[in-house]
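The values are calculated or read from the model by the stated rules, or taken from the named source; none is laboratory data. Not measured: the values here are computed from a predicted model. Cβ sites come from the backbone with ideal geometry, for glycine too, and all protein chains shown count toward neighbours.
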Amino acid sequence: MDECKPLAYGSMLLGVVVNVFVFTAVLAKFQAPQVDLVWSGKAVMTRRDGVPTLLIRVGNLKAHTLYNPTIRLTLLSRHVTEEGEGFMKKARPGNMLGPSKGQ
């Protein structure tokens, strides 16, 4: 009877290890970030009320309502000093209005 104890303990330990790996794989699958938004490949610059406006189309793949969506956009422009030094300059952020807020 005593010779079966190591085999039983090894079997239990192997079962626990396998359960931990399966649980970790399932948990990682549910916690993986899902792509909810799709961005168009092109943007349009136009004028609205005399103000230059950048229009970007975004699609919601899950087709659920997004409450208070916020998009941050950083514009970098090349700036050359009088001495001839060039660097990227961060532009001042403007107002970002969603489709329902501008009306």
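Before moving on, here are some points about what is shown:
- When each of ARG57, ARG47 is tested for being of a type outside the set (A, V, I, L, M, F, W, C), out of contact with any Cys (no Cβ under 9 Å at 6 or more places or on another chain) and surrounded by 10 or more Cβ atoms within 10 Å (Cβ to Cβ), the lone residue that passes is ARG57.
- Within region 60-70, the residues that satisfy the criterion of being aliphatic (A, V, I, L, M) and either surrounded by 10 or more Cβ atoms within 10 Å (Cβ to Cβ) or in contact with a helix residue (DSSP H, G or I) (Cβ under 7 Å, 6 or more places away or on another chain) (or both) are LEU61, LEU66.
- Any hit, region 43-58, residues being at pLDDT below 90 and farther than 30 Å from LYS89 by Cβ: no
- Scanning region 57-81 for residues that are in a strand (DSSP E or B) and over 11 Å from LEU37 (Cβ atoms) returns LEU76, SER77, ARG78, HIS79, VAL80.
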